[in-house]
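S.K.: Please see the structure below; I have some questions.
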């Protein structure tokens, strides 16, 4: 997972978004918590796009189990993100409302993020 994001690093759908500044795994639970924070703050107005998908399974063995006996069960799914990757996009709301909603979402995520605006937004 070296380097910056090669794809998904520009706004494709919305006018505003949050971009990662670190590389990490983001779990499906963290993505869902961020999505709920955005949806609640926007009061179901505007449109939200989630640009990452948790497609990597992470396995773990139960506590206090001896070594051996094969690989553990799937515990969670994660999305790999590199610096520059767009996580969420928002459209159809005012700048200050979108900025606050995406700030709330960024608090739920384990990576440092940056708020970005579409270049031709007026």
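The values are calculated or read from the model by the stated rules, or taken from the named source; none is laboratory data. In this text the structure is predicted, and so the values were computed from the model without any measurement. Using ideal geometry, Cβ is built from the backbone for each residue, glycine included, and neighbour counts are taken over all protein chains shown.
S.K.: Read through the list (1) exposed (fewer than 11 other Cβ atoms within 10 Å of the Cβ); (2) part of a loop (DSSP other than H, G, I, E, B); (3) touching a strand residue (DSSP E or B) at 6+ places or on another chain (Cβ under 9 Å), then give the number of the only condition that residue 11 fails.
M.R.: (1)
S.K.: May I ask you to say which residue of 18, 50, 26 is crowded, with 17+ Cβ neighbours inside 10 Å and touching a helix residue (DSSP H, G or I) at 6+ places or on another chain (Cβ under 8 Å)? Full working, then the answer.
M.R.: Numbers: 50 fails: crowded, with 17+ Cβ neighbours inside 10 Å; 26 fails: touching a helix residue (DSSP H, G or I) at 6+ places or on another chain (Cβ under 8 Å).
Sole residue among the options that is crowded, with 17+ Cβ neighbours inside 10 Å and touching a helix residue (DSSP H, G or I) at 6+ places or on another chain (Cβ under 8 Å): 18.
S.K.: Further question: Step by step: first the residues of the range 33-56, then only those that are over 17 Å from residue 81 (Cα atoms) and assigned to a strand (DSSP E or B), then the one that is nearest to the chain's Cα centre (by Cα). Which residue is that?
M.R.: Result: 48.
S.K.: Considering only the range 55-96, state which residues are in contact with a helix residue (DSSP H, G or I) (Cβ under 7 Å, 6 or more places away or on another chain) and either within 14 Å of residue 16 (Cα to Cα) or touching a residue at least 60 places away in the same chain (Cβ under 8 Å) (or both).
M.R.: 88, 90, 93 - these are the residues of the range 55-96 that are in contact with a helix residue (DSSP H, G or I) (Cβ under 7 Å, 6 or more places away or on another chain) and either within 14 Å of residue 16 (Cα to Cα) or touching a residue at least 60 places away in the same chain (Cβ under 8 Å) (or both).
S.K.: Between 65, 93, which is crowded, with 18+ Cβ neighbours inside 10 Å and either within 13 Å of the chain's Cα centre (by Cα) or part of a loop (DSSP other than H, G, I, E, B) (or both)? Give the steps one after another, and end with the answer.
M.R.: Details: 65 fails: crowded, with 18+ Cβ neighbours inside 10 Å.
On inspection, the qualifying residue turns out to be 93.
S.K.: A follow-up question, please. Quick one: which of 36, 76 is farther than 30 Å from residue 122 by Cα and at pLDDT 95 or above? Let's see the steps before the verdict.
M.R.: Working: 36 fails: farther than 30 Å from residue 122 by Cα.
Sole residue among the options that is farther than 30 Å from residue 122 by Cα and at pLDDT 95 or above: 76.
S.K.: Also: When you scan the range 37-54, how many residues do you find that are free of Cβ contacts under 8 Å to residues at least 60 places away in the same chain and in contact with a strand residue (DSSP E or B) (Cβ under 9 Å, 6 or more places away or on another chain)?
M.R.: Total meeting the criteria: 11.
S.K.: Among the residues of the range 102-122, write down those that are closer than 24 Å to residue 25 by Cβ and not in a loop (DSSP other than H, G, I, E, B).
M.R.: The first filter runs over the range 102-122 and keeps only residues closer than 24 Å to residue 25 by Cβ, leaving 102-116.
Those that are closer than 24 Å to residue 25 by Cβ and not in a loop (DSSP other than H, G, I, E, B): 102, 103, 104, 105, 106, 107, 113, 114, 115, 116.
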